[in-house]
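The values are calculated or read from the model by the stated rules, or taken from the named source; none is laboratory data. For clarity, every value in this text was computed on a predicted model and none was experimentally measured. Note that we place each Cβ from the backbone using ideal geometry, even for glycine, and neighbour counts take in every protein chain shown. Each accessible area value is taken on the protein alone, full model and side chains, heavy atoms only, with ligands, DNA and RNA left out. Shrake-Rupley method; radii C 1.70, N 1.55, O 1.52, S 1.80 Å.
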Amino acid sequence: MTVFERLIDSGIKNRAGYFILLDPDKLPEAQIPEFMQRCNSAGVDAVLIGGSLLMNAEFDPFVQQVKSHAGNVPVILFPGSLYQISSHADAILFLSLISGRQAQHLIGSQVLAAPRVKRAGLEVIPTAYMLIDCGRQTAAQFMSGTTPLPRNKPDIAAAHALAAQYLGFKMIYLEAGSGADNSVPDEMITTVKRAAELPVIVGGGIRTPEAAAAKVKAGASFIVTGTVLEENGDDGLIKAFADAVHRAKNTAKEKR
Ligand code: 1GP
């Protein structure tokens, strides 16, 4: 079974899935074993590794360390640049920034990355990546030099999602940006979910298990949190997020 099949199987058939984003600059290597132990026992569905920028950490050894302590949890690359490819991961979200109009982020970087991804033997999950305005500029917006989609225009997001489906992407990622002041609006998630028959990952600015559950109810298939776990040392928070996401029921379809 591929990582993608596993995610779909455990994730969206009956319940949503919970992903944790690890930024190599933020999680000290010495803390990786204990952190991954907590992910395993909480039932986290995958860890994503990536960041807009790498200031200090060495990417490849970091991924290797995470993988060696990951147990059953799939390790998926969520690359912020061409430097974030590692053969130690299980899979890669092969991203195209479809909310922007810059050829480099739509296809240019992907052409450069493709041979490296193949050599690394990674499972590829083609993912349509959409930046959603969160009220102020985020690192992803600045680094990509693109304009995010307006947060009060769910139809624009829905049309992008439908185009992504017709282009053959396997997942949609609605991104408010790491540390966003405002997460992706629930109404936009519902509109996107109804427009396209693809699993929807939602991340950026989700700070409480209740907010995560509300996104699942709105139609999210997978929830990503990063910053809140970096800022909060509470041992029980990972489990609280995982439980909230797994227990919440997606009601977006019934409202159709
Ligand atoms: C960022 O969606 C992720 O790419 C997670 O965002 O760090 O705000 O949780 P946060």
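Some points to look at:
- Going through (1) in contact with a strand residue (DSSP E or B) (Cβ under 9 Å, 6 or more places away or on another chain); (2) assigned to a loop (DSSP other than H, G, I, E, B) one by one, V192 falls short only on (2).
- V245 meets the stated requirement of being under 15 Å from Y18 (Cα atoms) and within 15 Å of the ligand (Cβ to nearest atom).
- Scanning the range 97-134 for residues that are open to solvent by less than 10 Å² (accessible area, probe 1.4 Å) and either of a type in the set (K, R) or in a strand (DSSP E or B) (or both) yields I125, T127, A128, M130, L131, I132.
- Filter result for F19 (open to solvent by less than 10 Å² (accessible area, probe 1.4 Å), closer than 23 Å to A213 by Cα and within 16 Å of the ligand (Cβ to nearest atom)): yes
- Subset tally (residues that are open to solvent by 10 Å² or more (accessible area, probe 1.4 Å) and either in contact (Cβ under 8 Å) with a residue 12 or more places away in the chain or not in a loop (DSSP other than H, G, I, E, B) (or both)) for the range 216-235: 8
- For the range 200-218, the criterion of being more than 16 Å from the ligand (Cβ to nearest atom) and either within 23 Å of R6 (Cβ to Cβ) or in contact with a Gly (Cβ under 6 Å, 6 or more places away or on another chain) (or both) is met by none of the residues.
- Scanning the range 195-211 for residues that are over 13 Å from the mean Cα position of the chain (by Cα) and open to solvent by less than 40 Å² (accessible area, probe 1.4 Å) returns A195, A196, L198, P209, A211.
- Once the range 171-180 is narrowed to residues that are without any contact (Cβ under 8 Å) to a residue 60 or more places away in the chain and open to solvent by less than 10 Å² (accessible area, probe 1.4 Å), the residue that is farthest from G226 (Cα to Cα) is I172.
- Residue match in the range 150-170 (condition: more than 12 Å from the ligand (Cβ to nearest atom), under 14 Å from the mean Cα position of the chain (by Cα) and touching a residue at least 40 places away in the same chain (Cβ under 8 Å)): yes
- Residue check for M1: of a type in the set (A, V, I, L, M) and open to solvent by 30 Å² or more (accessible area, probe 1.4 Å): yes
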